[in-house]
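First up is the structure itself, then whatever we jot down about it.
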Amino acid sequence: MEAVPRMPMIWLDLKEAGEFQFSPAVRQFILKNYGENPDNYNEQLKKLETLRQVLMAAEWSEVLSDDVLWFAS
C-alpha cells in the first residue's frame, strides 16, 4: 500500500486564444491609472501585439526560436 494514493490523470486540451485587440484596454488602463497619454506607448503596444501574434501562430517547438526571443528583448 502506498502512502499517497494515485489519482487518474485528466487530459486537458491546450488553451487557445482567439483573435482580439488588447491595445484599447491597455491604453485605457494607462490613461486611468497613470494619467499619461497612451499615444506615447504606441510603438511598445505594437511590438507587444506582434509578439503575441507570433507566439499564437508558432508551433510549440518554435516558441523559443531566435525570432521570438528577439521580440522579447
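The values are calculated or read from the model by the stated rules, or taken from the named source; none is laboratory data. Predicted model only: the values in this text are computed from it and were never measured. Counting neighbours? That spans all protein chains shown, and the Cβs are built from the backbone with ideal geometry, glycine included.
Worth pointing out:
- Pairs where the first residue, in region 43-67, is closer than 25 Å to Pro24 by Cβ and the second is modelled with pLDDT under 75 and not small (Gly, Ala, Ser), C-beta under 6 Å, 6+ apart: Leu51/Phe71; Val54/Val68
- Taking (1) touching a helix residue (DSSP H, G or I) at 6+ places or on another chain (Cβ under 6 Å); (2) at pLDDT below 90 in turn, Arg27 satisfies each apart from (2).
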